[in-house]
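The values are calculated or read from the model by the stated rules, or taken from the named source; none is laboratory data. These numbers come from a predicted model, not from an experiment. Using ideal geometry, Cβ is built from the backbone for each residue, glycine included, and neighbour counts are taken over all protein chains shown. The protein model used for the area step is the full one, side chains on, heavy atoms only, and it has no ligands, DNA or RNA in it. Shrake-Rupley method; radii C 1.70, N 1.55, O 1.52, S 1.80 Å.
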There are 2 protein chains.
Amino acid sequence: MYNAVVNVTLKKSVLDPQGQTVLHALESLGFKDAKKVRVGKYFEVAIDAKDHKSAEDRIKAMCDQLLINPVIEEYTYDLKEAR
Amino acid sequence: MYNAVVNVTLKKSVLDPQGQTVLHALESLGFKDAKKVRVGKYFEVAIDAKDHKSAEDRIKAMCDQLLINPVIEEYTYDLKEAR
């Protein structure tokens with residue numbers, strides 16, 4: 001069993017109004033030292049796979065087919081074997 | 001300048017209907033090897049701080065005061081110095 005952690009963000013070239021809103025909220029709470037905020041999604045997926053390579057193939061396929069909108073989003077993932 | 005990456009998830013004891021929905025969607029796409037999904041939020045925050053310790057204090061304060069609902073959510077963060 002493998003645990004995959006996927007972080008999804010909007011591409012750098014895509015405006016992030018949610019991030020802007022959070023930044024303004026932080027500023028109005030007095031956090032003037034917050035300079036940039038981007039907001040995204042986070043997925044934890046447990047994958048039943050026999051080895052690291054096949055787990056990696058599966059999480060990539062899941063991202064491409066369901067979790068991610070490749071037009072406006074990009075993602076990073078981290079894969080660890082669960083004991 | 002420091003870059004903080006914050007991953008927010010629902011506490012383990014809190015039901016995650018969004019994660020359940022994603023899991024069912026994965027299953028109906030043929031990903032029978034996906035066994036558990038939890039969905040959360042992801043923040044990237046650039047913080048203007050003089051050292052690691054003060055950046056850490058600030059990101060914790062931001063999480064506690066705005067980004068996180070401590071009743072149902074928990075978070076992890078990772079802090080790196082930007083060049």
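Annotations
- Selection count, the stretch B:11-63, where residues are within 7 Å of chain A (Cβ to nearest Cβ) and either farther than 29 Å from A:Tyr2 by Cβ or open to solvent by less than 20 Å² (accessible area, probe 1.4 Å) (or both): 15
- Taking the stretch B:1-10 as the range and being of a type outside the set (Val, Ile, Thr), under 15 Å from the mean Cα position of the chain (by Cα) and more than 8 Å from chain A (Cβ to nearest Cβ) as the test, the residues that pass are B:Asn3, B:Ala4, B:Leu10.
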